[in-house]
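The next block holds one structure in the form of structure tokens; read it before the comments.
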Amino acid sequence: MERENKFLKKYLKDFLGDQITDFWDAKPEPRAIRVNTLRTTTEQIKERLKELGVKFRPVPFNPDGLIIDEDHLPLSQTIDFYLGKFYYQGVSSQLPALALNPQPGDKVLDMTASPGSKSTQIAALMRNKGFLVLNDVSMKRLQALNTNIQKVGAVNYAVYRQPGERIGNILPEYFDKVLLDAPCTALGIIHSHPEVYSWLTYRRMQKIIEKQRQLLVSAFKALKVGGELVYSTCSIAPEENEELIQFMLDHYPLEIMEIDPGLRESFLPGLTEYNNKAYVPEMTNAVRILPHIHNMEGFFVIKLLKTGRRHSGHNNFRTFQTLPADSPEIKDDLLQISEQWGIPADLWRDYRYIKTRNRIWMVNTLIKKIPQEGFLNAGLLLGEKRISGWKLPNDSILFFGKRITKRHLGLNEEQLRELFRVGMITLPEAEDGYFALSWKGEAIGSLYVSNRRAKIRLMHRFNVIL
């Protein structure tokens, strides 16, 4: 029998008062998806959902978000999900990136990025332009981030492994915009994460708050003067939200900005007082989402403007150069890929490149210099050099799609289903080597054929819904 968490019960009762019963009775947030506009359009996904008989409705504040009322398939087994055309993302979780409103030419930091739901959303909002820095401290979580950001076809990002508290010192006044979706007590999502009930204590809450404070200071340092910061948590606790923001306002040159009215009109404003403490009147520009009122996960979102410096920033960090397509280091490799796969050679000048011993990564042309410290990788993994030539991984083949005109290996519906169910298929007439899996005339994945057996690399095998 689970032990009673007296601290948590008292804390929530003191904060919520007569709403406490409604809070505990709140239903989990409905499942939702966000359309990946780097690969498709919202209208096309709506038509596809209708074709599949899936009931949905729009996320009120996000034109690219859809609430799934009945996922009988499930959608995660559709060819559309495999192709990265949409991403499962909570309704409330879609708000912070929209509040940040990143633009295509911005330098943007997602300070605690894993597993990547908001990162992939930001990449799409930036339309694959600008420079998006994705950071996390956990290598295990970064693996999930890498998988997700590659899958959506982003080429405007670099991944770093650093404690978030260090970023402001490493890259001072470097970013136009910062998203800090901070680690928190998760009191807004306790209905779907009941384990919070067993581990949260007063001491642990105070430790989390101190971590959040350090991350906020780091985010401030990382911003240019005039830059914008969105701070969000999935907690309803004022100590993690308004209290910390008031601390930042008291000690750093920051102002609270208005969030677009279309994003906040349906929600509660931030608190202007709590526990006999008064906060600035502008705290009402924050967004508070409560699960028992809004039928969504509990969230807090606020937007801040950096109006001045607290400490002088020294941009003396080391960088390395990405390579243009005509660089002697990369030119012949790109021509080999074009010859092998039929990708038009004039396409390469639209991107820049990072080359390691046997791999090439592709980024947009705006990313000319990349900070070195903590750097892991950047952009789309274009290809890997093997003895038999250049292998293009699944995500690379998906990115180029119809621009791949050679080495197609087309399958019929029955063969494609078997391939996804088993991970391999026998093709008596196929030659050995790497091929682009072709479905309805378009390249959708990477196949390796050996001894008449074709294999595809999948995260897991499943019964694909075509």
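Numbers below:
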quantity	calculated
Inverse mean reciprocal Cα-Cα distance (Kirkwood Rh) of segment 407-466, Å	11.4 Å
For Val59, residues with placed amide H under 5 Å, excluding near neighbours	Gly65, Leu66, Ile67
Relative packing of peptides 55-61, 394-400, 158-164 - highest average C-beta neighbours within 10 Å first	394-400, 158-164, 55-61
Cα-only Debye scattering, segment 227-380: base-10 log of I(q)/I(0) at q = 0.18, 0.19 Å⁻¹	-0.98, -1.04
Set of aspartates and glutamates near Lys385 by C-alpha distance (under 18 Å), chain-local residues within fewer than 8 positions excluded	Glu329, Asp332, Asp333, Glu339, Asp395, Asp432
Relative exposure of Asp136, Asp25, Asp80, judged by other C-beta atoms within 10 Å (fewest first)	Asp25, Asp80, Asp136
Degrees between helix 413-422 axis and first principal axis of the chain (Cα, 0 to 90, nearest 10)	60 degrees
Over segment 2-119: Kirkwood hydrodynamic radius from C-alpha pairwise inverse distances, Å	16.9 Å
Cα radius of gyration and Dmax for the chain (Å)	23.9, 78
Span from the segment 282-303 Cα centroid across to the segment 7-60 one, whole angstrom	14 Å
Descending principal axes extents, segment 299-458, alpha-carbon based, whole Å	69, 49, 25
GluC sites (Glu not before Pro) restricted to segment 245-275 and DSSP loop, no more than 15 other C-beta within 10 Å	Glu258, Glu265
Crossing angle, helix 6-16 versus the chain [Cα axis fit, 0-90 degrees, rounded to tens]	80 degrees
Size descriptor, Kirkwood hydrodynamic radius, that averages inverse alpha-carbon separations across segment 90-306, Å	17.3 Å
Exposure proxy order (Cβ contacts within 10 Å, fewest to most) of Ser235, Ser192	Ser192, Ser235
Segment 369-431 - Rg (one decimal) and Dmax (whole number), Cα, Å	16.3, 50
Crossing angle, helix 331-341 versus the chain [Cα axis fit, 0-90 degrees, rounded to tens]	70 degrees
Pairs from Lys107/Lys306; Lys118/Lys151; Lys177/Lys207; Lys50/Lys118; Lys221/Lys277; Lys331/Lys355 whose Cα-Cα separation, in the structure shown, is over 18 Å	Lys177/Lys207; Lys50/Lys118; Lys221/Lys277
Residue-averaged [θ]222 nm for the chain, counting only DSSP H segments that reach four residues, each worth -39500 (n - 2.57)	-8000 deg cm²/dmol
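Bear in mind these aren't lab numbers, they're just calculated from the coordinates by the rules spelled out. Small disclaimer: the values here were computed from a predicted structure and weren't measured. Every residue, glycine among them, receives a Cβ derived from its backbone with ideal geometry; neighbour counts consider all protein chains shown.
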